[in-house]
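These notes are about the structure you will find just below.
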Amino acid sequence: MSVARGPLLGFLVLLMAAGTAAAAPADKPPPPLSTKVDHDVTEAMRHYRVPGAAVMVIHDGHIIYTRAFGVRDLTHRLPVRADTFFEIGSITKQFTAACIMQLQEEGKLKIDRPLSDYLPDAPHAREVTLRQLLTHTSGLHDYLDGPWKEIGRLAAHPIAYRDLIARVAKLPLDFPPGSKWSYSNTGYLLLGKVIEKVSGESYWNYLHNHILRPLHMSDTYTTADESRLPRMATGYWHVDGRLERAPVIDASWGNSAGFLVSTLGDLAKWDAALRGGKIVSAASYRDMTTPFMTGKNGSANYGFGLFVDSVYGQPRIGHTGGSQGFTTADEYFPRQNVRIIAFTNLGDSTPEAGEALTNVVFADLYPAIAAKALSPAPNESAAVTRTVREAFRELQTGKDYARFGARLKSKLAGGAGSKFATAFGPYGAPTGEIFKGIRKDAKDTWYDYAMQFGPGAQLPFSVKLGPDGTVSSFSIG
């Protein structure tokens, strides 16, 4: 499952999340660009050192591109195929959300009721609602919080549900429910238990009986099945710069938050059925794809199990999935009516190769849109850009903080900077930065940039400058 999209209480949001834009006529993809896409995906894989990948593009309901790249097993040099199995991590969450909506439609639960109605002994059960669990706005701490490699090794071993919940049960809420957004797998683990409680079935049995079997999704399993799947990809991650085989996440750790294994073809079936009203009603799907509005920070850019944001200035609905050895992405662009699915067997999350590949492919399909989005805004100041570039590197390295004002420098040097170094240091030095413009609110002037890190990977970075030209405030995401 993905734990890289929100460990900083919403600061870390990959790729220019900016909410949805008004509806417009669908853009048509250009004539077949298979050679261009093949080349650019291969180059992106080389840049991020991805062993293998599988990519599918669906336009107006028709598959227009499917390719397999590289190897699924380095030891035996087995190639990836279009029907290779990959862990899909947090893409599981939209399945969980759909199960909850099905049960609401049947009158078995209500998403605006407190969790205590269904799981009275769960942490903070009287304080949070199912809707807040669905939207990552509950304030419940993530049970996967911690150094990623350390968590990855722990998660390779079975654990009882009570022991998993015990990791966060005694912790206070990170913030008042509904006030902010922070990605938390804990919410989706609890939602899986709600499904079991109200349906009388195990989470897997409910999913299989009410979604997978009716849709003939015969190539979707869980991480517990990997050893018996003949076309299963092996997952890898980089350790001290070396590519190593990653441990497999035990199903007890992922469960309803991220334990599914699937193929391109099966995920395409799911996507079509979910949007087509075969899984939930049109009203429920609309709820799933409507961003939650937090009490303090506005739009969460997240619905129920789905990010609702934008890239290249285009509305996007989807989710990434990351585990120790895999990063995947399933992204739908409603304005173009195009869906891009990318699976990789590399678990590095800085950046996530799966999402990067979907952005590379979109840029190849719609080069004019991408070029416009990546063009710098007018009135760029070379001095401000230099300050931004150097300030971001100081955040990544956790050193000096010379480009920051005295007050902010003191906070960063006093320990607050460590989380930024941990989150963004592994990205490496930016390959460039794009000036996005000057933004003014009631009393402040902000300079907006997009920091680039390689093919299809950017991070929004905005700064406010003090009278002496140093950074007095900043935001990432």
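Just so you know, all these numbers are worked out from the coordinates, no wet-lab data involved. Note that the structure is predicted; figures quoted are calculated from it, not measured. Reconstructed Cβ throughout: ideal geometry from the backbone, glycine too, with neighbour counts over all protein chains shown.
Report, please, the projected area of the chain averaged over directions, based on the convex hull of its C-alpha atoms, in nm². The partial results should precede the final answer.
Numbers: hull surface 87.2 nm².
So the mean shadow area of the Cα hull is 21.8 nm².
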- Message: I want to check the label-to-label distance for Ser218 and Asn205. Put each point 7 Å from Cα in the C-beta direction and report it in nm to one decimal.
- Response: 2.4 nm
- Query: What list of whole percents do you get for P(r) of the stretch 412-472, with Cα-Cα distances grouped in 5 Å bins up to the one holding the largest distance?
  - Reply: 4, 15, 19, 23, 20, 15, 4, 0
- Message: Once you place label points 7 Å from the Cα toward the Cβ at Arg81 and Ser473, how far apart are they in nm?
- Response: 5.6 nm
- Message: If I take every Cα pair under 8 Å that is 6 or more residues apart in the chain, average their sequence separation and divide by the length, what percent do I get for the relative contact order?
- Response: 21 percent
- Item | Principal axis dimensions, largest first and in whole angstrom, of the stretch 300-349 by Cα | 32, 23, 17
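Within 10 Å of each candidate Cβ there may be at most 12 other Cβ atoms; applying that plus a DSSP loop requirement, which GluC sites (Glu not before Pro) in the stretch 61-149 survive? Before the final figure, lay out each step's value.
Values: sites: Glu87, Glu105, Glu106, Glu127; in loops: Glu106, Glu127.
Here the GluC sites (Glu not before Pro) that fit, given the DSSP loop and packing criteria, are Glu106.
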- Coordinate range along principal axes, alpha carbons of the stretch 336-477, Å, largest first: 47, 35, 25
- Whole-number D in µm²/s for the stretch 57-204 (Stokes-Einstein; Kirkwood sum over Cα pairs; 37 °C, 0.692 mPa s): 186 µm²/s
- Dividing the surface of the Cα convex hull of the stretch 257-372 by four yields a projected area in nm² of 8.4 nm²
- Which of the lysines could a cross-linker span from Lys278 if the Cα-Cα distance has to be under 23 Å and same-chain partners fewer than 8 positions apart are dropped? Lys93, Lys108, Lys110, Lys269
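If you filter the stretch 94-157 for trypsin sites (Lys or Arg not before Pro), then keep DSSP loop positions with at most 14 other Cβ within 10 Å, what is left? Please report the intermediate quantities before stating the final value.
Details: sites: Lys108, Lys110, Arg126, Arg131, Lys149, Arg153; in loops: Lys108, Lys110, Arg126.
Hits after loop and neighbour filter: Lys110, Arg126.
Which trypsin sites (Lys or Arg not before Pro) does the stretch 418-477 hold that lie in a coil by DSSP with at most 13 other beta carbons within 10 Å? Kindly include the intermediate steps, with their values, before the conclusion.
Values: sites: Lys419, Lys436, Arg439, Lys440, Lys443, Lys464; in loops: Lys443.
Answer by residue number: Lys443.
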- In nm, to one decimal, how far is the Lys170 label point from the Leu243 one, both placed 7 Å along Cα→Cβ? 4.4 nm
